[in-house]
Amino acid sequence: MLDVMSVGETNSFSSPRNPLRTFAVVVALSAALAAGSAASAAGAPAGQDMSGVWWATAYSPKIPIVGGGDLPYTAAGKAAYDKNIAGLKSGELIDAARRFCVPDGIPRILATPYPFEIIHTPGQTTMIYELNHAIRVVAMDKPMPKDEELIPYPYYDGHSVGHWEGDTLVLETAGFNEKTFLDSTGAPHSDSMRTTERLRKIGANQLEDVVTVHDPEMFTRDWSARFVYQQRNDVRLQDYVCGEKHRDISSVRGVKGR
Amino acid sequence: MKFKALGLAGIAIAMYTIPAFAHHSFAMFDADKKMTLEGTIKEFQWTNPHSWILINVPNAAGQPEQWAIELGAPGGLARQGWVPKTLTPGMKVTAVIHPLKDGTHGGQYMAVTLPDGTVKGNPNGAANANAGAN
């Protein structure tokens, strides 16, 4: 408020009609606003804010391993993959994420052709996916729970902890169940899989997520896949209910007519 | 989870799952009786509030019939060394249960012998409210 002036005060510094005071107030307010926009989410350091809605511009049913090609399966992994492919083809194995809208799991959800939103709150990063209305809750700056804490609670999306390394958000996830595929072709994983994601803003309006999968039961080595998203703060997440109509995603390259 | 067509098996599961969500008493099981089931694991459900073993046991005519065995919660089982894959579909096991008093195909878990001979639980134990945590 600029007009705090007692009755009887004359044209002193506190008077709003003093141009020097007005100038000083304007300068102070501008400085405060500039500092505020640089600090962004909840007073976080500059560069540590991925809040907003993100949406991929391309989709692939097969997980895009860095370097291309097939995943480096062990014998057990290859056998499991062949079994999944055969089961999906015959109908004996159902893609539950698509039929019953249970969560896709990690890393399959990273390929989603639907938008998602990242929200930062003190101590937690939350990712809300329009697909299946899945929610990932990431405890920030906390240690990964021990195996004995994870074993009784195997989650579709695993249990995630995160921390910042400069401008990179690092997410570690473990404690998965075996009810999800790695991608839409039915690629398998075991419940001892652990994933690490490195999220980083690139360019003016893009976010990349490089996920590394560690699952020695299924794969001969760790491997990574990279996903890129466009910032779309013009978009709000919609309802998503199994069996009902969803938003038009035909603009996403690689999506077959849905 | 592999979903198959819901048939009699699905209904049997429902019958045994519904009481589990009410804080039920273990009086439905005959604490004075022990029954041994030899069969093949159909499914092991690692869930709260109670885990379940679904096991196909041949009847007198040699036809497989499904039995449902109720255990404790995963937290207690994990402390006894159980993991979700301790029992997997197709495993041939021997289970010891306190059978349901009404004679239907179910019981309270006492012990199970795995294909490699490992015995989990206590086949001689008395019934208690913490089924599966002995």
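The values are calculated or read from the model by the stated rules, or taken from the named source; none is laboratory data. Everything numeric here is computed off the predicted structure, so don't read it as measured data. No Cβ is skipped: glycine too gets one built from the backbone with ideal geometry, and neighbour counts run over all protein chains shown.
Considering only residues that are in contact with a His (Cβ under 7 Å, 6 or more places away or on another chain) and in a loop (DSSP other than H, G, I, E, B), look in the stretch A:139-167 and name the one that is surrounded by the most Cβ atoms within 10 Å (Cβ to Cβ).
If we filter the stretch A:139-167 for residues that are in contact with a His (Cβ under 7 Å, 6 or more places away or on another chain), which is where we start, we get A:140-141, A:145, A:150.
Okay, now just the ones that are also in a loop (DSSP other than H, G, I, E, B), so A:141, A:145.
Working: A:Asp141: 10, A:Pro145: 15.
So the residue we want is A:Pro145.
Which one of A:Phe219, A:Phe176, A:Phe181, A:Phe227 is away from chain B (no Cβ under 14 Å) and either over 30 Å from A:Ala46 (Cα atoms) or at pLDDT below 95 (or both)? Before the answer, list the steps.
Details: A:Phe176 fails: away from chain B (no Cβ under 14 Å); A:Phe181 fails: away from chain B (no Cβ under 14 Å); A:Phe227 fails: either over 30 Å from A:Ala46 (Cα atoms) or at pLDDT below 95 (or both).
Every option except A:Phe219 fails the conditions.
What are the pairs with Cβ atoms under 9 angstrom where one residue, in the stretch B:89-105, is touching a residue at least 12 places away in the same chain (Cβ under 8 Å) and within 19 Å of B:Asp32 (Cβ to Cβ) and the other, located anywhere, is among the aromatic types (Phe, Trp, Tyr) and surrounded by fewer than 18 Cβ atoms within 10 Å (Cβ to Cβ)? Sequence gap at least six, or different chains.
B:His98/B:Phe26
Can you confirm whether the stretch A:192-210 contains a residue that is within 30 Å of B:Lys85 (Cα to Cα), touching a residue at least 24 places away in the same chain (Cβ under 8 Å) and loosely packed, with under 15 Cβ neighbours inside 10 Å?
no
(1) surrounded by 15 or more Cβ atoms within 10 Å (Cβ to Cβ); (2) small (Gly, Ala, Ser); (3) over 16 Å from the mean Cα position of the chain (by Cα); (4) closer than 20 Å to A:Trp55 by Cα: which one isn't true of A:Ala187, the others all being true?
Looking at each condition in turn, A:Ala187 falls short on (4).
Restricting to the stretch B:87-96, give me the number of residues that are out of contact with any Asp or Glu (no Cβ under 9 Å at 6 or more places or on another chain) and outside any loop (DSSP other than H, G, I, E, B).
Selection size over the stretch B:87-96: 1.
Of all residues in the stretch A:93-135, how many are in a helix (DSSP H, G or I) and within 14 Å of chain B (Cβ to nearest Cβ)? Give the steps one after another, and end with the answer.
Kept after step one, since they are in a helix (DSSP H, G or I), are these residues of the stretch A:93-135: A:96-99, A:108-111, A:131-133.
Checking the rest, the ones that are also within 14 Å of chain B (Cβ to nearest Cβ) come to A:96-99.
So the answer is 4.
Checking B:Gly81 against (1) closer than 18 Å to B:Gly121 by Cβ; (2) in contact with a helix residue (DSSP H, G or I) (Cβ under 7 Å, 6 or more places away or on another chain), only one condition comes out false. Which one?
Looking at each condition in turn, B:Gly81 falls short on (2).
What's the total number of residues in the stretch A:161-191 that are of a type in the set (Gly, Ala, Ser), over 26 Å from A:Ile94 (Cα atoms) and touching a residue at least 40 places away in the same chain (Cβ under 8 Å)?
Here is the first cut: in the stretch A:161-191, the residues of a type in the set (Gly, Ala, Ser) are A:162, A:166, A:174-175, A:184, A:186-187, A:190.
Filter once more, keeping what is over 26 Å from A:Ile94 (Cα atoms): A:162, A:166.
The next check asks that each one be touching a residue at least 40 places away in the same chain (Cβ under 8 Å); those that pass are A:166.
Of the residues in the stretch A:161-191, 1 are of a type in the set (Gly, Ala, Ser), over 26 Å from A:Ile94 (Cα atoms) and touching a residue at least 40 places away in the same chain (Cβ under 8 Å).
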